[in-house]
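If you scroll down you'll find the structure; I have some questions about it.
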Amino acid sequence: MNIVLIPGFWLDGASWSGVTPPLARAGHTVHTPTMPGKRQGDRALSGIGLHDHVDAVLEIVDAVASPVVLVGHSGGGSIAWAAADARPADIARVIFVDALPFPDGSAINDELPVEGDRIPLPEWGFFEAEDLVDLDDTLRERFRTIALPEPAAVATDPQTLHDEARFAVPVTVIACEFPEAMLRDAISAGAPWTSELAQLEQLEIIELPTGHWPQFTKPAELAQSILAAVDRG
């Protein structure tokens, strides 16, 4: 199976280095793209938006044998979901790592502090305590060392979805900061931010209690959760 690991904000493809070896040993072909604006030599970020990141994923989907599993961490979840919307017949499963599929017209996060055409990694005090669980001083230093500014428009551009066939694509949510019961209750209550989840034909939720960056705090457990989801597909 081709598995595409889509990094979240401030991270490049190498940020998955603790997760990829078990996937490869299981016989899968793993793709770890670095998104436009975060590649070596990228300087001006003003012309890079959400659609550029989606297109970068679609280039991989179109180049490899289908079906493909898309794994999106954090903001990468919206990129994965837009790619699934564009190629629903080619996607075997979308796995959201501490992320959710946002509906058409919504932004990934328009509350992050923007500096010109970019969003640098904020100070740790910006984040909620739940985000930082298990992210000790050593991991925080490593994260900040490798962090790359995110193109501002990726965070603020509206999500664009067209094809309701996306709801037939199996979805796994790897829940790190919230329990399955809370998410199920929100879906049952009709919370607007769960509107895409509520329309899915197949939804499974795997709990992996840790903070927002399990590829750093629990990479082996994250890899096993991804493998479990892929095997069920």
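The values are calculated or read from the model by the stated rules, or taken from the named source; none is laboratory data. What you are looking at is a predicted structure, and each value in this text was computed from that prediction instead of being measured. Using ideal geometry, Cβ is built from the backbone for each residue, glycine included, and neighbour counts are taken over all protein chains shown. Side chains included, ligands, DNA and RNA excluded: accessible areas come from the protein's heavy atoms. Shrake-Rupley method; radii C 1.70, N 1.55, O 1.52, S 1.80 Å.
If you check Ala191, Ala186, which single one turns out to be more than 30 Å from Pro21 (Cα to Cα), touching a helix residue (DSSP H, G or I) at 6+ places or on another chain (Cβ under 6 Å) and free of Cβ contacts under 8 Å to residues at least 60 places away in the same chain?
Checking each option against the conditions leaves just Ala186.
Ala155 is checked against (1) surrounded by fewer than 20 Cβ atoms within 10 Å (Cβ to Cβ); (2) modelled with pLDDT of 95 or more; (3) in contact with a helix residue (DSSP H, G or I) (Cβ under 9 Å, 6 or more places away or on another chain) and fails just one. What number does that condition carry?
The failed condition is (1).
So which residues in segment 46-78 are open to solvent by 10 Å² or more (accessible area, probe 1.4 Å), part of a loop (DSSP other than H, G, I, E, B) and of a type in the set (Gly, Ala, Ser), if there are any at all?
Ser46, Gly47, Ala65, Ser66, Ser74
Let me ask something else. Considering segment 204-232 alone, what residues qualify as being surrounded by fewer than 17 Cβ atoms within 10 Å (Cβ to Cβ) and either small (Gly, Ala, Ser) or farther than 26 Å from Ser17 by Cβ (or both)?
Hits for segment 204-232 are Ala220, Ala228.
A quick yes/no check of all residues on (1) outside any loop (DSSP other than H, G, I, E, B); (2) over 22 Å from Val71 (Cβ atoms):
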site	(1), (2)
Asp131	yes, no
Leu135	no, no
Arg142	yes, no
Thr145	yes, yes
Leu148	no, no
Phe167	yes, no
Thr172	yes, no
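Then there's this: Restricting to segment 2-38, what's the tally of residues that are under 22 Å from Ile119 (Cβ atoms), more than 14 Å from the chain's Cα centre (by Cα) and either β-branched (Val, Ile, Thr) or crowded, with 17+ Cβ neighbours inside 10 Å (or both)?
First, the residues of segment 2-38 that are under 22 Å from Ile119 (Cβ atoms): 5-16, 32-38.
With more than 14 Å from the chain's Cα centre (by Cα) added as a condition, the list becomes 14, 36-38.
Then keep just the ones that are either β-branched (Val, Ile, Thr) or crowded, with 17+ Cβ neighbours inside 10 Å (or both); that gives 36-38.
Residues meeting the conditions: 3.
What are the residues in segment 31-53 that are out of contact with any Asp or Glu (no Cβ under 9 Å at 6 or more places or on another chain) and within 23 Å of Asp85 (Cβ to Cβ), if any?
Scanning segment 31-53 gives His31, Asp52, His53.
Which pairs have Cβ atoms under 8 Å, sit 6 or more apart or on different chains, and link a residue in segment 139-157 that is of a type in the set (Ser, Thr, Tyr) to one that is surrounded by 20 or more Cβ atoms within 10 Å (Cβ to Cβ)?
These pairs meet every condition: Thr156/Ile108.
Of everything in segment 83-127, what is more than 20 Å from Pro158 (Cα to Cα), free of Cβ contacts under 8 Å to residues at least 24 places away in the same chain and part of a loop (DSSP other than H, G, I, E, B)? Give them in sequence order.
Correct list: Pro122, Glu123.
Evaluate segment 180-190: report whether one residue or more is closer than 24 Å to Asp134 by Cα, surrounded by 14 or more Cβ atoms within 10 Å (Cβ to Cβ) and acidic (Asp, Glu).
no
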